[in-house]
Amino acid sequence: MYDYIKGTVTSLKNNAIVLDNNGIGFLIYVSNPYSFEVGKDYKVYVYQQIREDENCLYGFKTVAEKDLFLKLISVKGLGCKMTLPILAVGSINGIMDAIERENVLYLKKFPKIGDKLAKQIVLDLKGKLEFIGVGISDDQVQTENELKDVLIGLGYKEKELKPVLAKVNTSLSIEEQVKDALKLLLR
């Protein structure tokens, strides 16, 4: 089992990177390959999945991202290939906050996550994410991004949200922010 691999990114694929370490090119599936630059050195934290018909490496830029991935794949019905898009679309804090607050709407915005699976994620992981080492922050940028994600999940377009997001009080809880934003959008 590998914990991490240090090396140089030699190429980017649509869902993976190739990381060269001492002349060996490791194909590592990542949530966002375009967050890496070809020719730069990285320390990539990895999870190795060995199955009867495949041997895959999944990579992460931080330990917190890897820890959240490991928790998510422990949920019944959620595998490695379904979990990577969750990490690509959502932030670590946003995902953890949604699970802790039982925000099924936020979780359902991810690809292939329906109502049943979103509820299963909350059921299996609520109260079990403190060890990850990333606290749920009330950082203004984070809450604005989360608010935008929730509203997009409700069917609003990003261009109609810009003027509304500037008017919402970010010191409120996310639920109150959503209520305020919806009031402004319905005017």
Q: Determine the alpha carbon to alpha carbon distance for each of Lys116/Lys167; Lys76/Lys162; Lys13/Lys109; Lys109/Lys179 and list only those over 27 Å.
A: Lys116/Lys167; Lys76/Lys162
Q) Hey, if you put +1 on the Cβ of every Lys and Arg and -1 on every Asp and Glu Cβ in the chain, which of Leu72, Val122, Pro111 ends up farthest toward the positive end of that dipole? A) Pro111
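Roughly how many debye, to the nearest 20, is the charge dipole of the stretch 42-81 about its Cα centre, given +1 on each Lys and Arg Cβ, -1 on each Asp and Glu Cβ, and no other charges? Mind showing how you got there, number by number?
On the way: 7 positive and 5 negative charges, 40 e Å.
It comes to approximately 200 debye.
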Q. Taking a ≥ b ≥ c as the square roots of the eigenvalues of the Cα gyration tensor of the stretch 16-65, is the shape rounded (a/c under 1.5), prolate (a/b larger than b/c) or oblate?
A. oblate
Q | Dipole magnitude of the stretch 63-132 about its Cα centre (Cβ charges: Lys, Arg +1; Asp, Glu -1), debye to nearest 20 | A | 320
Q.
Using only Cα atoms and rounding to the nearest 10 degrees, what angle (0 to 90) does helix 115-125 make with the longest principal axis of the chain?
A. 70
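Per residue and in cubic angstrom, what volume does the convex hull of the Cα atoms of the chain have? Present the calculation step by step, with values, prior to reporting the outcome.
Numbers: hull volume 25.5 nm³, N = 187.
It comes to 136 Å³ per residue, whole-number rounded.
Using unit Cβ charges (K, R positive; D, E negative) and no other charged atoms, how large, in debye to the nearest 20, is the dipole of the chain about its Cα centre? Could you put the intermediate results ahead of the total?
Numbers: 26 positive and 25 negative charges, 106 e Å.
Roughly 500 debye, rounded to the nearest 20.
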Q. Amide H to amide H, which residues 5 or more places from Val30 or on other chains are under 5 Å from it, using H placed in the peptide plane?
A. Ala16, Ile17, Gly59
Q | MRE, 222 nm, helices only [DSSP H, n ≥ 4, -39500 (n - 2.57), over the chain, to nearest 500] | A | -13000 deg cm²/dmol
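Rounded, prolate or oblate: which fits the stretch 63-132, taking a ≥ b ≥ c as square roots of the Cα gyration tensor eigenvalues, rounded meaning a/c under 1.5, else prolate when a/b beats b/c? List each step's numbers first, then the result.
Values: a/c = 1.30, a/b = 1.11, b/c = 1.17.
Rounded is the answer for the stretch 63-132, as its axis ratio a/c remains below 1.5.
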Q | Model label zone, Ser35; criterion: amide N under 19 Å from point 7 Å along Cα-to-beta-carbon; scope the stretch 2-16 | A | 3-16
Q | Packing rank of 62-73, 46-57, 28-39, where each peptide gets the mean count of other beta carbons within 10 Å, highest leading | A | 62-73, 28-39, 46-57
Q | Whole-Hz couplings from phi, Karplus 6.51/-1.76/1.60, listed for the stretch 53-70; x for Gly and Pro | A | 10, 7, 9, 10, 10, 10, x, 9, 6, 10, 5, 4, 5, 5, 4, 5, 4, 4
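Readers should treat all values here as calculations from the given coordinates under stated rules, not as data from a laboratory. Please read these numbers as outputs of a predicted model, since none were measured by experiment. FYI the Cβ positions are ideal-geometry reconstructions off the backbone, even for glycines, and counts take in every protein chain you see.
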